[in-house]
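Peer 1: Okay, here's the structure, questions in a sec.
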Amino acid sequence: YIVTIRVKPDHSGVVTDGVKHSMNPFCEIAVEEAVKLKEKKFIKEVVAVSCGPTQVTETIRTALAMGCDRGIHVEVSGKDYEAMGPLQIAKIFAALAKKEEASLVILGKQAIDDDCNQTGQMTAALLDWPQGTFASEVTIDGEKVKVVREIDGGLETIKISMPAVLTADLRLNTPRYATLPNIMKAKKKKIANMKPADLGVDMVSRVEVLRVDEPPTRLAGVKVETVDDLVAKLKANGTI
Amino acid sequence: MNINRLIALSKSVQFGKILTSNARHATKEVTLPNRTIRTHARNLAYAKDLFLGKVNKAECFPYPEIGNEELEEINSFVAPVEKFFTEEVDSKRIDHEAKIPPETLNGLKELGLFGIQVPEEYGGLGLSNTMYARLGEIISLDGSIAVTLAAHQAIGLKGILIAGSEEQKAKYLPKLASGEHVAAFCLTEPGSGSDAASIQTKATLSEDRKTYLLNGSKIWISNGGFADLMTVFARTEVVGEDGVKKDKITAFIVERAFGGITSGKPEDKLGIRGSNTCEVSFDNCPVPVENVIGEVGGGFKVAMNILNSGRFSMGSAGSGMIKKLIEMTAEYAGSRKQFGKNLSEFGMIQEKFAVMAQNAFVMESMAYLTAGMMDRPGVPDCSLEAAMVKVFSSEGGWICVSEALQVLGGLGYTKNYPYERYLRDCRILLIFEGTNEILRMYIALTGMQYAGKILTGKIKEMKKGNVGVALEMLGRKLGDALGRKVDLGLTGMDGVVHPGLADSAKKLEQNVAHFGSTVENLLYRYGKTIVEEQLILKRVADVLINLYAMTAVLSRSSRSISIGLRNHDHEVLLANTFCTDAFFKNNYWLTQLQRNSPENQDENIKKIAREVLEKRTYVCSHPLDRTF
């Protein structure tokens, strides 16, 4: 994912115009898991959802090409899109999950552009559903889901009832390539279009971005000959 | 005659000479012999009219566009293929081991890349030529894979696609499209390379007239070591209309399963080392008569059609590769410092980038113009244009890769960087799919044959007493002699070229007019014997290639300006720079083609060659030798 990120001159955000966008890698893993569960016949239908401007339909098509059955494009553009954050998306997902009577909502654990790691958890809270986050293994057992979670201390296994929210971590699976014949078949699959208002979701953000800056450029280091020199230098610049 | 005196008074004595010689030669019929390179002026597309000094605007302007839906589709294909090539293809390993790993080949099959142009009903993707060219840009990131795929679908199974019967298509295409069976194209033999019509492999009909027995051997067959299905060309006995028995070439679909087929060991090549190339021998291989492609005896035409239909994609493949090289090299030039400055600040380095950018620009423009023309309904014959794309792209690619390597200097020369591999992989482009020498002959002679026919027609009309035609020709000659300004409709009120490119368009028009009269000249001077004059035909071909390139570039940038594409002013810059450069080159070559031109050293060149080849060695005495 080699893209040169530049901060906008007015420091309001990052330049996204003309920058290549593609599916978040953790979301790819989530789609792959959903398709796998369908192939193992644990679930009947996989619906791919994306919120954003028209371009997101391309991403939905990729999900369809990977094996999802249909897509939903929740149209959000302009100022609403720039201000959109995990809370708004979670509200949309919660509304859709109820509307579609979903048994599982599977998302990537976090998006690699903002690294929030909140959407899955917020969705579960809004729905009052159990959540299995940072999943590295998912097994469906009757009406329950066994989730192995990657946590700082190691691995934690939990069993939660469906309906539930799961978020995918890196080692859950290796996403398949969308093959060209599948992409062509995906063209015939339907993508429904709707607005947040249709779901009764208010997109107003409670968060205001004050300023975005690039990380400070790394300063060159200084080599010293002895430990005494090191101590002297550290004292001189006030570190100790 | 009054005309003669007028001409004697005009400043350009040369044109005067042409007119008087015209008067003398007007009675000589201009016909060209039946050449071994068969061309049919079926419905040849754009380039043929350039030989008459005419620009067929409607063919190339506006620049072909694809529909929104098709554009979306092709963009959705590009991403997964790019992803696969960046993540799963280890070009260095493929080159080192001279093998494409089976996992990689399987990945390519699953992606659907083995049946790009096979219709959907037979399990392929059914993509147009334009889309094929677009995918070619990405596939060319690895030379061995590109050649393996091309050998399979651009030529290996193309015969079935374009000339096969419904039964043959239904029987063979599905497994070929999925990659379960891989195809190969078997034409070349040890004794027949460029001279493809001289092949000796024989196919003899059995007593019961149900099977052909194939005997002979083919060399340089890509995928020859493992192909399950081959399009093989062999001589069959055909009884002509006059009852005379002749041995004519027929195309066959041959399955390895038929038996009697042996593949030699893989050739150890300079480049595209991952592509399997070997000898394939047929020993009484039985082929059912149902497997003849097209008509018995019509194989040569099938072969030429197959080769002509795949050539254009070399343009997009080449430009894809150069674009990648520009990125890699620019990174280096922008960070490497010598003499206190970045390399990118030095003129000679900057020139290299300008050359690479121009070449990529021209190649792309030509490739997609040709693909767009080929995708038009009615299947126009773009073999001439495709050949021009191939010649330009192969040579341009070779130069650009060399320059890119040069920017990196010593680093570029090592195997730690991919430049040397690109260089080695690139070299084959000038050789296969028709050597550039053969293609130049094809380009020049096809056009001259067409022009010759038209001219002969006009002369016939004149002899019949058609005054109109005579006056028209005389009028044109006078106009040229008196330096009338050329206007072929590219600029001005109904001009198809955007006013921002008017200068370059005028240069193109001038070149075309000059070219047309030069061609006419050559036909009058040489008649049939023009076939022998390779050095002349070479220049004719080179000028034509430049003219087509200029057309493509002007058409593309006109469109870009008109629709306001991003960075169109850079396109205008590239277009104008290329056109000016090509204009002067063309003028020089055309000058060399005039009668008794002092710039033309062909006689000396041939003399040198004769003396060297006679002795089969360098002829001069050593500079240190003494006579006493």
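Peer 1: How would B:478, B:187, B:574 line up from fewest to most surrounding beta-carbon atoms within 10 angstrom?
Peer 2: By the 10 Å Cβ count, ascending, the order reads B:478, B:574, B:187.
Peer 1: Then there is this: Treat the count of other C-beta atoms within 10 Å as a stand-in for reagent exposure and order A:141, B:602 from fewest to most.
Peer 2: Sorted ascending by nearby Cβ count, the order is A:141, B:602.
Peer 1: Return the sequence-ordered ³J(HN,Hα) values of the stretch A:22-29 in whole Hz as given by the Karplus equation 6.51 cos²θ - 1.76 cosθ + 1.60 applied to θ = phi - 60°, using x for Gly and Pro.
Peer 2: 3J(HN,Hα) across the stretch A:22-29, in whole Hz: 8, 5, 4, x, 5, 5, 4, 5.
Peer 1: If I take every Cα pair under 8 Å that is 6 or more residues apart in chain B, average their sequence separation and divide by the length, what percent do I get for the relative contact order?
Peer 2: Averaging sequence separation for qualifying contacts and normalising by length gives 17 percent for chain B.
Peer 1: Aspartates and glutamates within cross-link reach of residue B:269: Cα-Cα under 13 Å, excluding same-chain residues under 8 positions apart?
Peer 2: Candidates past the 8-residue exclusion: B:95, B:97, B:425.
Peer 1: How many Cβ atoms of partner chains, on average, are near each residue of A:170-179 if near means within 10 Å of its Cβ?
Peer 2: Taking all residues of A:170-179 together, the mean is 3.
Peer 1: A further question on this structure: For the peptides B:68-80, B:144-156, what is the packing order when you average, over each peptide's residues, the other Cβ atoms within 10 Å and list the highest mean first?
Peer 2: B:144-156, B:68-80
Peer 1: Any chance you could list P(r) for the stretch B:452-584, counting all Cα-Cα pairs in 5 angstrom bins from zero, rounded to whole %?
Peer 2: P(r) for the stretch B:452-584, in whole percents per bin: 2, 9, 16, 16, 16, 15, 11, 8, 5, 2, 0, 0.
Peer 1: Give me a single rounded figure for B:109-122: the average over its residues of other chain Cβ atoms within 10 Å of their Cβ.
Peer 2: 2
Peer 1: Continuing with the same structure: When Cβ neighbours within 10 Å are restricted to other protein chains, what is their mean count per residue of peptide A:181-192?
Peer 2: Other-chain Cβ atoms within 10 Å of each residue's Cβ, averaged: 3.
Peer 1: List the pairs from A:185/B:109; B:248/B:390; A:20/B:323; B:54/B:585 whose alpha-carbon separation is above 26 Å, in the order I gave them.
Peer 2: Where the Cα-Cα span goes over 26 Å, the pairs concerned are B:248/B:390.
Peer 1: Helix-derived [θ] at 222 nm for the protein assembly as shown: sum -39500 (n - 2.57) over DSSP H runs of at least 4, divide by residue count, nearest 500?
Peer 2: -15500 deg cm²/dmol
Peer 1: Let me ask another. Report the relative contact order of the stretch B:475-628, percent, no decimals, based on alpha-carbon pairs under 8 angstrom and at least 6 residues apart.
Peer 2: RCO, the stretch B:475-628: 24 percent.
Peer 1: Please report, in whole Å, how far the alpha carbons of the stretch B:115-259 spread along each principal axis, starting with the longest.
Peer 2: Taking max minus min along each principal axis of the Cα atoms, the stretch B:115-259 gives 50, 33, 31 Å.
Peer 1: If you don't mind, another one. When the gyration tensor of the stretch B:196-315 is built from Cα positions, what are the square roots of 5 times its three eigenvalues, in whole Å, from largest to smallest?
Peer 2: For the stretch B:196-315, the semi-axes come out at 26, 18, 12 Å.
Peer 1: In terms of modelled amide H atoms, which long-range or inter-chain residues lie less than 5 Å from the amide H of residue A:43?
Peer 2: A:38
Peer 1: Continuing with the same structure: Distance between Cα centroids, the stretch B:148-213 to the stretch B:350-417: provide it in whole Å.
Peer 2: 29 Å
Peer 1: So for A:81, B:212, fewest C-beta neighbours within 10 Å to most, what's the order?
Peer 2: Ascending Cβ contact count within 10 Å gives the list A:81, B:212.
Peer 1: With a/c under 1.5 counting as rounded, go ahead and sort the stretch B:356-397 into rounded, prolate or oblate using the C-alpha gyration tensor (a ≥ b ≥ c being the square roots of the eigenvalues; past the cut-off, prolate if a/b is larger than b/c, else oblate).
Peer 2: oblate
Peer 1: Let me ask another. Over all alpha-carbon pairs in the stretch B:66-125, figure out the percentage whose distance exceeds 17 Å.
Peer 2: Pairs farther apart than 17 Å: 52 percent.
Peer 1: Quick check: the distance between the Cα centres of the stretch A:145-170 and the stretch B:82-132, to the nearest angstrom?
Peer 2: Answer, in whole Å: 37.
Peer 1: Output the pairs from B:57/B:506; B:477/B:538; B:477/B:528 with a Cα-Cα distance over 18 Å in this structure; if there are none, say none.
Peer 2: Correct reply: B:477/B:538; B:477/B:528.
Peer 1: The stretch B:237-309 to the stretch B:548-585: how many Å between their Cα centroids?
Peer 2: 43 Å
Peer 1: Give the shape of the stretch A:43-137 as rounded, prolate or oblate, defined through the alpha-carbon gyration tensor: a ≥ b ≥ c are the square roots of its eigenvalues, a/c under 1.5 means rounded, and otherwise the shape is prolate if a/b is larger than b/c and oblate if not.
Peer 2: Cα axes put the stretch A:43-137 in the rounded bin.
Peer 1: Let me ask something else about it. If you take every DSSP beta bridge whose two residues both sit in the protein assembly as shown, what share of them, in percent to the nearest 5, is antiparallel?
Peer 2: Antiparallel bridges make up about 65 percent of those DSSP assigns within the protein assembly as shown.
Peer 1: Sticking with this one: Rounded, prolate or oblate: pick one for the stretch B:132-204, where a ≥ b ≥ c are the square roots of the eigenvalues of its C-alpha gyration tensor, a/c under 1.5 means rounded, and failing that, prolate if a/b is larger than b/c, else oblate.
Peer 2: The shape class here is oblate.
Peer 1: Here's a follow-up. Quick one: the Cα spread of chain A along its three principal axes, in angstroms, biggest first?
Peer 2: Extents along the principal axes: 69, 42, 39 Å.
Peer 1: Moving on. Please compute, for the alpha-carbon atoms of the protein assembly as shown, the extent along each of the three principal axes and give them in descending order in Å.
Peer 2: 103, 80, 73
Peer 1: Here is a further query. Please give the direction-averaged projected area of the C-alpha convex hull for chain B, in square nanometres with one decimal.
Peer 2: Over every viewing direction, the Cα hull of chain B projects on average to 36.6 nm².
Peer 1: OK, next. What residue among B:620, B:601, B:547 has its Cα farthest toward the positive end of the dipole of the stretch B:547-628, where the charges are +1 on Lys, Arg and -1 on Asp, Glu, each on the Cβ?
Peer 2: B:620
Peer 1: Select from the stretch B:165-209 those GluC sites (Glu not before Pro) which occupy a DSSP coil region and have at most 14 other Cβ atoms within 10 Å, ordered by residue number.
Peer 2: Passing sites in the stretch B:165-209 are B:180, B:207.
Peer 1: Give me a comma-separated list of calculated 3J(HN,Hα) values for the stretch B:152-157, in order, Karplus coefficients 6.51, -1.76, 1.60 applied at θ = phi - 60°, integers in Hz, x for any Gly or Pro.
Peer 2: Working through the residues one at a time gives 6, 10, 6, 10, x, 9 Hz.
Computed from the coordinates by the stated procedures, all read-outs in this text should not be read as laboratory data. The structure displayed is predicted, hence computed values, not measured ones. Cβ sites come from the backbone with ideal geometry, for glycine too, and all protein chains shown count toward neighbours.
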